[in-house]
């Protein structure tokens, strides 16, 4: 209905461009969201792996500390005991040596036995201490073995988190761009809607105005909602209605109202063209051949007053060939442009319609040859 409105066409074009930008922005946002989701999943997996590695490291550390705390005091005690036993051993062997040189064999033997006992005690302390240190060393090695796994997991999580943060920032930028594109599209769509509302309002007003004009002209009520109105340069208003397919289609009705609101021409749908449709004066119709004789029920160009004959018919100029391609037929509006009414006494009256008011009426007496000076004198009973 509004295809010819340039502003609506422009607004729709702008809206379509904005819609394309919105769709592109949405696709970009969606792709960014998918990358963000993927990066988030990878980061979460890396975090779980880091937590597992940390738990393993912590368990190894706790085991190491437990072994160390359990055996550390004993190792310290063994160190002290071994040191005392060592000193006692040295002292006993020195005493045994002194007794030996003093030719005191019994004392030498006694001190020697004490020295060997202290030596055995010292060696026992060393052996036990080595065992305990080995336990601590094993626990330490187990802890050191799991540390690299945690460090790798921690590094992988850090990298995954950086990639996620980058994807998140990209998604947020795309999201903001989509919001801007959507706001732009919404504004354009609103502008189109506002223009449509404006045009529809104007259309309703025009339709109401046309209906009012049709009502003022006396167009039958069943046609008033669908009329086509045009205005001539002389101020006359043409009202078309009741045509096939459209108000001014084949068989349409046609009223003309002058600039003062007076109806000067009335032809209802399917009625023939002719001067009978003109309303020019009270009680009379242009070229009404009843003017000289009062014949009740007479019709336009009814020459029964003198000839007692009815018109033989009405035709457009090219009906004989059924050719509608000539200048006497308007294809677009599907209306005759030239009409002829003829009688048995060889009189004919012709006029131009032009789809508006009839004009250029002229009579032809076919009893005279073409070009005869009296061939176009109207009959006596023609007004």
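Identify the residue in the range 229-253 that is outside any loop (DSSP other than H, G, I, E, B) and out of contact with any helix residue (DSSP H, G or I) (no Cβ under 8 Å at 6 or more places or on another chain) and, among all such residues, is nearest to residue 203 (Cα to Cα). Outline the logic, then answer.
To start, the set of residues in the range 229-253 that are outside any loop (DSSP other than H, G, I, E, B) comprises 229-231, 237-241, 253.
After this cut, where a residue has to be out of contact with any helix residue (DSSP H, G or I) (no Cβ under 8 Å at 6 or more places or on another chain) as well, the list is 230-231, 238, 240.
Numbers: 230: 15, 231: 18, 238: 19, 240: 18 Å.
The extreme case among them is 230.
Hey, among 131, 114, 123, which residue is more than 19 Å from residue 49 (Cβ to Cβ), in contact with a helix residue (DSSP H, G or I) (Cβ under 6 Å, 6 or more places away or on another chain) and either assigned by TED's automatic domain parsing to the domain that holds residue 81 or in a helix (DSSP H, G or I) (or both)? Talk me through it step by step, then tell me what you get.
On the way: 131 fails: in contact with a helix residue (DSSP H, G or I) (Cβ under 6 Å, 6 or more places away or on another chain); 123 fails: in contact with a helix residue (DSSP H, G or I) (Cβ under 6 Å, 6 or more places away or on another chain).
Answer to the check: 114.
Taking the conditions exactly as written (under 42 Å from the mean Cα position of the chain (by Cα), farther than 27 Å from residue 161 by Cα and not in a helix (DSSP H, G or I)), does residue 22 satisfy them or not? Reasoning before the result, please.
Values: under 42 Å from the mean Cα position of the chain (by Cα): yes; farther than 27 Å from residue 161 by Cα: yes; not in a helix (DSSP H, G or I): no.
Spelling it out, it is not the case that residue 22 is under 42 Å from the mean Cα position of the chain (by Cα), farther than 27 Å from residue 161 by Cα and not in a helix (DSSP H, G or I).
Does residue 102 qualify as being touching a helix residue (DSSP H, G or I) at 6+ places or on another chain (Cβ under 9 Å), more than 30 Å from residue 75 (Cα to Cα) and surrounded by 15 or more Cβ atoms within 10 Å (Cβ to Cβ)? I'd like the intermediate steps shown before the answer.
On the way: touching a helix residue (DSSP H, G or I) at 6+ places or on another chain (Cβ under 9 Å): yes; more than 30 Å from residue 75 (Cα to Cα): yes; surrounded by 15 or more Cβ atoms within 10 Å (Cβ to Cβ): no.
For residue 102, the condition - touching a helix residue (DSSP H, G or I) at 6+ places or on another chain (Cβ under 9 Å), more than 30 Å from residue 75 (Cα to Cα) and surrounded by 15 or more Cβ atoms within 10 Å (Cβ to Cβ) - is not met.
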Taking residue 103, is it in the same structural domain as residue 23 (by TED's automatic domain parsing), on the phi > 0 side of the Ramachandran plot and free of Cβ contacts under 8 Å to residues at least 12 places away in the same chain? yes
Breaking point among (1) at pLDDT 95 or above; (2) buried (at least 18 other Cβ atoms within 10 Å of the Cβ), for residue 136: (1)
Hits in the range 22-32 - residues which are touching a helix residue (DSSP H, G or I) at 6+ places or on another chain (Cβ under 7 Å) and surrounded by fewer than 18 Cβ atoms within 10 Å (Cβ to Cβ): 26
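The values are calculated or read from the model by the stated rules, or taken from the named source; none is laboratory data. No experiment lies behind these values; they were computed from the predicted model shown. As a convention, Cβ positions derive from the backbone with ideal geometry for all residues, glycine included, and neighbour counts pool all protein chains shown.
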